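Participant: This is the structure I want to talk about, given as structure tokens.
The values are calculated or read from the model by the stated rules, or taken from the named source; none is laboratory data. In this text the structure is predicted, and so the values were computed from the model without any measurement. In case anyone asks, the SASA skips ligands and DNA or RNA and just uses the protein heavy atoms, side chains included. Shrake-Rupley method; radii C 1.70, N 1.55, O 1.52, S 1.80 Å.
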Amino acid sequence: MSVTAKDIMTALMLMAFAGFGWQQTQGLSAEAAMFPRLALGTLAALSGAYLLRTLAYAGIGIGARRKEIREEGAFFTNPYRFFVCLGLILAYIAIFPTIGYFISTFIFIPLFVLGIGAGRPVVAIISSLGFVIFTYFVFVVLLNRHLPNDFIIDFLF
């Protein structure tokens, strides 16, 4: 399978996942569905941009960029990494309600970054910690919106 076909498949699978997730939020109240729909809408939009970029680089629409994708490389070059990351996402969804948002997110981000082979462990952990702290202050402190219970956060505060 060519690099372009793999990228097209990846983009379409991500868009299908976003659509399925959006459909699953139909039973939630508007307030409870807001954040998942925001995340799923962002996933769908970015997947659409990824698909358009792949098609443009493959010569559909913009033939001059055909060479750039070969030089730059494709995202979906290693199916093993893709399925490892997909497994991490599913595990994150499964443990999220049990151990809480902040702990599961702090664990998930570095594992995912390392799973796709995009960073160093120390940088991934520091970035994850920064994201969790930022999210805590935005949602809990500024907006007074409590995310799913986190036993460590409940214990500390």
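Participant: Starting from 0.36 nm per residue, how many nanometres of slack lie between LEU55 and GLU31 once their C-alpha separation is accounted for?
Facilitator: Computed gain between LEU55 and GLU31 is 5.0 nm.
Participant: Taking all protein chains in place and a 1.4 Å probe, what share, in percent, of the accessible surface of region 2-57 do carbon and sulfur account for?
Facilitator: Answer for region 2-57: carbon and sulfur cover 77 percent of the accessible area.
Participant: Could you report the accessible area of LEU55 in Å², rounded to 10, computed with a 1.4 Å probe on the protein chains as they sit in the structure?
Facilitator: About 50 Å², ignoring ligands and nucleic acids.
Participant: Quick one: Karplus J couplings for region 137-145, per residue in order, coefficients 6.51, -1.76, 1.60, θ = phi - 60°, nearest Hz, x for Gly and Pro?
Facilitator: With coefficients 6.51, -1.76 and 1.60, one gets 5, 5, 7, 7, 7, 7, 8, 6, 10 Hz.
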